[in-house]
Amino acid sequence: MLHRFATFVAGCTILLVLAGSLVTSTASGLSVPDWPTTYGWNMFTFPPEHWVGGILYEHGHRLIASTVGFLTIILAAWLWRAEPRRWVRWLGVAALGAVIAQGILGGITVLFFLPAAISTAHAGLAEIFFCMTVAIALFTSTAWIRGYGSIEADDAMLRRVATTTTVLIYTQILIGATMRHTGAGLAIPDFPLMFGHLLPTHWDPKIAIHFAHRVGALVVTLAIIATSAHIFYHHRGRRELTRPAALILALVAVQVTLGALTVLSRRDVSINSAHVVVGALVLATSLVITLRSWRTALTAVGTELARPPVVGGASSAPTQIPVSQRGARA
């Protein structure tokens, strides 16, 4: 049940990412100009008949964020009470801290009229929090705790490639968030060419950010192909790797298509928002591959990260010998 609840929280978090992307895509960030209240009302008592236009997106985003925050409190408390691995308990606490910081950043974003730096940090932290919830769901799964079978094998190259790919994807998301919050989404208005050429014919800061995002998309795509190809060539029998490898290939194809359509449709709201959500799913899938690639190495060194302590078994605590029996044992 703990694993299922953690998975549910991760699912709610991707819904929160969607809500946040809709706020940005519809330019509704200042539709509710005060925080933490909503037009002077308590957030939870604001009358539904006033949920119109951009207020619907911004106020809805706040309500979903509050719900996810409440669920994270439950998750952190549940982990602290039921999870034997200390580091997993602290990961739950870290996730709670991240969602609190995320709420504060969101409030500061409104109070300071959407500064690009804070808005980008808000988007970046959202991705980190989402990854935390996905990691908790993975670490509490039966498959992670028991292992993925006798065919598990340590592969240092896969660890390096998968980790690098995950870092590149997150960097690309940060560039994309910078592009969205600086209004550079259509700085280069055509695709696949750029002002009718292979490279921009002129430059300014917004064009540079947009160009960096396109280059980043190419780099990330190649990194994902390299990771997946390595998995299919060296680990065809490991379904815990081949399934997310196939999924991430499909996701990155969809993501590149959505990126192109975002430009060609002049930043259509639904396409633009879907682009953000699929980007988060690409990051989460790459993270799962990375963590699973590290599990065997962690098991090899006997770390609790991959092999939790046995609760109630012979290895859970030293055996205590009654004083009356010590002489006989000696």
A careful count of residues in the range 123-154 that are without any contact (Cβ under 8 Å) to a residue 40 or more places away in the chain and open to solvent by less than 40 Å² (accessible area, probe 1.4 Å) gives 1
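Mind checking whether some residue in the range 51-58 is more than 25 Å from Gly185 (Cα to Cα), over 19 Å from the mean Cα position of the chain (by Cα) and open to solvent by less than 40 Å² (accessible area, probe 1.4 Å)? If you could, list the steps in order and put the result at the bottom.
Initial filter on the range 51-58 (more than 25 Å from Gly185 (Cα to Cα)): 51-52.
With the extra rule that they be over 19 Å from the mean Cα position of the chain (by Cα), the set shrinks to 51-52.
Filter once more, keeping what is open to solvent by less than 40 Å² (accessible area, probe 1.4 Å): none.
Scanning the range 51-58, I find no residue that is more than 25 Å from Gly185 (Cα to Cα), over 19 Å from the mean Cα position of the chain (by Cα) and open to solvent by less than 40 Å² (accessible area, probe 1.4 Å), so the answer is no.
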Considering only residues of the range 205-238 that are open to solvent by 70 Å² or more (accessible area, probe 1.4 Å) and in contact (Cβ under 8 Å) with a residue 12 or more places away in the chain, which is nearest to the chain's Cα centre (by Cα)?
-> Ile225
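Among the listed residues Val99, Val110, Val52, identify the single one that is among the hydrophobic types (A, V, I, L, M, F, W, C), in a helix (DSSP H, G or I) and either in contact with a Pro (Cβ under 8 Å, 6 or more places away or on another chain) or more than 30 Å from Leu138 (Cα to Cα) (or both). Break it down into steps so the answer makes sense when it comes.
Values: Val99 fails: either in contact with a Pro (Cβ under 8 Å, 6 or more places away or on another chain) or more than 30 Å from Leu138 (Cα to Cα) (or both); Val52 fails: in a helix (DSSP H, G or I).
Just a single option satisfies the conditions, and that option is Val110.
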Picked from the range 266-295 (must be among the polar types (S, T, N, Q) and more than 18 Å from Arg243 (Cα to Cα)), the residue farthest from the chain's Cα centre (by Cα) is Ser270
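Going residue by residue through the range 167-174, is there one that turns out to be more than 25 Å from Val263 (Cβ to Cβ) and open to solvent by less than 40 Å² (accessible area, probe 1.4 Å)? Please lay out each step first, then the result.
Step one: filter the range 167-174 for residues more than 25 Å from Val263 (Cβ to Cβ), giving 167.
Now drop any that are not open to solvent by less than 40 Å² (accessible area, probe 1.4 Å), which leaves none.
No, the conditions are met nowhere in the range 167-174.
Using the structure shown, decide if His234 is assigned by TED's automatic domain parsing to the domain that holds Val278 and touching a strand residue (DSSP E or B) at 6+ places or on another chain (Cβ under 9 Å). Don't jump to the end; show me each part of the working.
Numbers: assigned by TED's automatic domain parsing to the domain that holds Val278: yes; touching a strand residue (DSSP E or B) at 6+ places or on another chain (Cβ under 9 Å): no.
Here the answer is no, as His234 does not meet what is asked.
Report yes if Val93 is crowded, with 18+ Cβ neighbours inside 10 Å and among the β-branched types (Val, Ile, Thr), otherwise no. So that I can check it myself, show each step before the final result.
Details: crowded, with 18+ Cβ neighbours inside 10 Å: no; among the β-branched types (Val, Ile, Thr): yes.
No.
Does Thr67 qualify as being out of contact with any Gly (no Cβ under 6 Å at 6 or more places or on another chain), surrounded by fewer than 19 Cβ atoms within 10 Å (Cβ to Cβ) and modelled with pLDDT of 95 or more? Lay out the reasoning, then the answer.
Numbers: out of contact with any Gly (no Cβ under 6 Å at 6 or more places or on another chain): yes; surrounded by fewer than 19 Cβ atoms within 10 Å (Cβ to Cβ): yes; modelled with pLDDT of 95 or more: yes.
Judged against the criteria, Thr67 is a match.
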Report yes if Leu241 is touching a helix residue (DSSP H, G or I) at 6+ places or on another chain (Cβ under 9 Å) and open to solvent by less than 30 Å² (accessible area, probe 1.4 Å), otherwise no.
-> yes
Could you say which residue among Ala253, Ala260, Ala246 is out of contact with any Leu (no Cβ under 8 Å at 6 or more places or on another chain) and under 22 Å from Thr163 (Cβ atoms)?
-> Ala246
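The values are calculated or read from the model by the stated rules, or taken from the named source; none is laboratory data. Just so we're clear, the structure is a prediction, and the values are computed from it rather than from any experiment. In this analysis, Cβ positions are derived from the backbone assuming ideal geometry, glycine residues included, and neighbour counts consider all displayed protein chains. Accessible surface areas use protein heavy atoms only, side chains included; no ligands, DNA or RNA. Shrake-Rupley method; radii C 1.70, N 1.55, O 1.52, S 1.80 Å.
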